[in-house]
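For reference, the structure discussed in these notes is given below.
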Amino acid sequence: MMLVRPGVGRFVGRRLVQAVPTILVIIVVSFLVLQLTPGDIVDVLAGEAGAATPEYVAMLRQRFGLDRPLITQLASYVWGVVNLDLGFSFRHNTTVVKLMLDRLPATLILMGTSLSVAVALGVVFGVTAARHVNRPADGAIAVLVLLSYATPTFWIGLMLIVLFSVKLGWLPTGGMMTIGAGLSGFGRVLDVAHHLVLPAASLALFYAAIYTRLMRASMLEVAGQDYVRTARAKGVSEARVMYGHALRNALLPLLTMVGVQVGSLLGGSVLVESVFGWPGLGRLAFEAVQQRDYNLLLGILLMSSLLVIVVNLVIDLLYAVLDPRIELR
């Protein structure tokens, strides 16, 4: 078991300590970059007010603390993060922490489902292509992978809506659950799953294409190793050779790619959540950009960074599970 291996606690603790300066750099860079963007929450509110007077604008800037020196604003924000205070969203009239925690489950559900589907499809199609290399099955999978990779995610989402929602009427066009249905328990779970199909499929197809190509190349490389040839020489069936011997080591490059692409997966969720009206962090980030709600946007960037760090830590631990030769240092 992974948890009983010696050095796991020390490894996790060291990685968490190393993550602290990384998070600090992310906070500072994100804060400074957002300061370079034109406009802020005061400009938005003043525009909505119509004929806003200079006195009104100055009062708003003082209320939001935007009249203070930049270094003072940065120090105040960093101190707030240390105390788990990410500020207040004046647009939503609530704290940033509460708003993000309300939206985080929806994003985790979407990302977890999409990533699971993408990895599963990538493994199945990649192994199948490797077993039938240079045959019709390999060619058919290559065509599907190319189409999926070359098609923009938002266009896939729109076409899925047109086909399965508008034409066939099988699935809802958007949202996370049926409004006013009053469902609970297992019925609520089924309703969420029903709404999850299209956005998860839209986000998963692109990454499934990448994982398929990577898995095919990895399986072909592992298939040439000595221990695989030895297993074949002993008369082990091809299916057992591929799935029992080669697959475990072939998964390591795939895990590496998953860790690298967690950030881009979060970026893709912005488009998918906007297209399908999925109430997650991605859609919230898009709204925060439009409304110049920089406190909220900084909080989402920080939350996304933490998710990437945690996922990569889990993947490093999975390396040791798949390959016992890897030491946790």
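Some points to look at:
- Principal-axis tilt of helix 70-82 within the chain, Cα atoms, nearest 10 degrees: 60
- Spacing of the two label points (7 Å from each Cα toward its C-beta) at residue 108 and residue 287, in nm: 2.0
- Mean separation of Cα contacts under 8 Å (6+ apart) over length of the chain, as relative contact order %: 27
- Projecting label points 7 angstrom from Cα along Cα→Cβ for residue 221 and residue 32 puts them 3.7 nm apart.
- At q = 0.19, 0.31 Å⁻¹, base-10 log of I(q)/I(0) for the stretch 196-241 (Debye sum, equal scatterers on each alpha carbon): -0.67, -1.02
- Rough spin-label spacing in nm, given labels placed 7 Å along Cα→Cβ, for residue 150 and residue 173: 3.0
- For percent of Cα pairs over 34 Å apart, computed directly from the structure shown, the correct entry in (1) 30; (2) 40; (3) 25 is (2).
- Potential lengthening between residue 132 and residue 63 on full extension [0.36 nm per residue; Cα-Cα distance subtracted]: 18.2 nm
- FRET E, pair residue 74, residue 8, Förster distance 30 Å, beta-carbon r, rounded to 0.05: 0.25
- Backbone geometry of the stretch 296-312 corresponds, through the Karplus equation with coefficients 6.51, -1.76 and 1.60 at θ = phi - 60°, to 3J(HN,Hα) couplings of 5, 5, 5, x, 5, 4, 5, 4, 5, 5, 5, 4, 4, 5, 5, 5, 5 Hz, x marking Gly and Pro.
- Highest GNM mean-square fluctuation among 189, 28, 78, for the chain modelled with Cα contacts below 10 Å: 189.
- Label-zone membership for the stretch 91-119, site residue 314, 7 angstrom Cα→C-beta point, backbone N under 16 Å: 104-119
- Under 5 Å, built H, 5+ apart or other chain: amide partners of residue 95: 89
- Note on residue 192/residue 84: beta-carbon distance plugged into 1/(1 + (r/R0)^6) with R0 of 30 Å gives a FRET efficiency of 0.55.
- Computed FRET value (nearest 0.05) for residue 234 with residue 143, which takes r as the C-beta separation and R₀ as 51 Å: 0.90
- Across the stretch 106-291, Cα pairs under 8 Å and at least six residues apart give a relative contact order of 34 percent.
Throughout, read-outs are computed from the coordinates displayed, never taken from laboratory work. What you see is a predicted model; the values in this text were computed from it and never measured. Backbone-built Cβ (ideal geometry, glycine too); neighbour counts: all protein chains shown.
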